[in-house]
Amino acid sequence: MLGAPSLIWLSLWVLLCGFSLSAVAQSEQPPAIQGDEAGVTGTQAAGASAGQPQTVPQQSGSISGTVIVQTGALAVGAQVQLTRDDQSPKQETVTGDNGQFSFTNVPPGPFKITVTSPGFDNNEATGELSPGQAYIVPEMLLNVATAVTEVRVEMTQVEVAQEELKEQLKQRVLGFIPNFYVTYEPDPAPLIPRQKFYLAWRSVIDPFTIAGVGFLAGIQQASDEYGGYGQGAEGYAKRFGAAYGNVFIGTFLGSAVLPSILHQDPRYFYKGTGSTKSRILYALGNAVVAKGDNKKWQPNYSQIIGAFATGGISQLYYPASDRGGDLVVQNALLRLATSAVAGIFQEFVLRRLTPHLQTHTKTEPEP
């Protein structure tokens, strides 16, 4: 057990040691800088003491939103543009599969969002972004564009001719006699070769054409015309074949083959206006005057050559006793005369007897 002096010395020694340790600890700490109490760095404190203003950088934010269309479906792939009032470069993005868009690292301040998509009206939204804010734009709706777009569908000349040809093939005098080789259009489109051949084919296979040939063959047999064919069923068959051969060959040569080669139109172009005299001359001239595919009038080489060619070919199947140059000329002139007379009927009679015309026709004055 220590005595009182020992306790006193021991207490003094502890106090001295404690003082020394405290002094050493204080000597190891860095010197304090004025302003630390407010949490300000030495540099800031120095600046503040010098009276200089301090700039605190503003924190960027983000802008996001969702775009839908008029039907309520999400707008996928819509173009979204972000513009700001400070004239900084615009930012662009597209909506994802969920119809959403997002812009990050956007400086605070006023902004405008513009959404565009083909077939829809544009939509815009404006707002102001605060520092560090995650701004959510209210749902943006794209309405179907209401602007009327004018669409002009123009048919080609061949398509126009095809439509007119369809109407021609409906033309029948009294509703049953084919009247295919006349056009009542004021300015019809020219036919291409394929259409000329199709018109000839429809004409020669028409039931009324075949029935008419049969009737003509009957008259020829009754009058014993082309006696070399004889009588009876065999004679009638030969007359029918010869008559139909004339129709078939004449139609294809004069209305398809030659018009395609010479670029002429085989149809009769209904006039319907002018004096009676002028219309008669116009109709008679149809036998020797034709309109070309260039829509200009010219000599009807197709009709003239076709008539003589058909007469020449008929020498191959007419009876030997009836063959000769006279028959060729006779048949050719007969075809030309028939064409001239047919023009008179076309101009003054047949249009009145052809019902349900679908073409845009000129009004026919009274003769």
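Any read-out appearing in this document is the output of simple, stated calculations on the displayed coordinates, not a laboratory observation. Keep in mind the model is a prediction, meaning the values are calculated, not measured. A quick note on method: Cβ atoms are made from the backbone with ideal geometry, for glycine too, and the neighbour counts reach across all protein chains shown.
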| query | Between Leu169 and Val349, what is the spin-label point distance in nm, taking each point 7 Å from the Cα along the Cα→C-beta axis? | reply | 2.8 nm
| field | Cα gyration tensor shape of the range 157-350, rounded if a/c is under 1.5, else prolate or oblate by comparing a/b with b/c | value | prolate
| said: Among 264-275, 63-74, how do they line up by average Cβ neighbours within 10 Å per residue, starting with the highest? | reply: 264-275, 63-74
| said: I'd like the FRET efficiency for Lys295 and Arg194, computed as 1/(1 + (r/R0)^6) with the beta carbon distance as r and R0 of 22 Å, rounded to 0.05. | reply: 0.70
| request: Return the distance in nm (one decimal) between the two label points of a simple spin-label model at Ile219 and Gln100, each offset 7 Å from Cα along Cα→Cβ. | output: 9.1 nm
| said: Can you tally the net charge around Gln81? Count Lys and Arg as +1, Asp and Glu as -1, for every other residue whose Cβ sits under 10 Å from the Cβ of Gln81. | reply: 0
| field | Local net charge near Val137, Cβ-Cβ under 11 Å (Lys/Arg +1, Asp/Glu -1) | value | -1
| Relative to the Cα centre, what is the charge dipole magnitude of the range 256-313, using +1 at the beta carbon of each Lys and Arg, -1 at the beta carbon of each Asp and Glu, and rounding to the nearest 20 debye? | 300 debye
| Can you sort Met155, Met140 by how many other beta carbons sit within 10 Å, fewest first? | Met155, Met140
| request: With label points built 7 Å along Cα→Cβ from the Cα atoms of Glu154 and Leu141, find their separation and express it in nm. | output: 4.1 nm
| query | Dipole size in debye (nearest 20) for the range 138-265 around its Cα centre, Lys and Arg Cβ +1, Asp and Glu Cβ -1? | reply | 540 debye
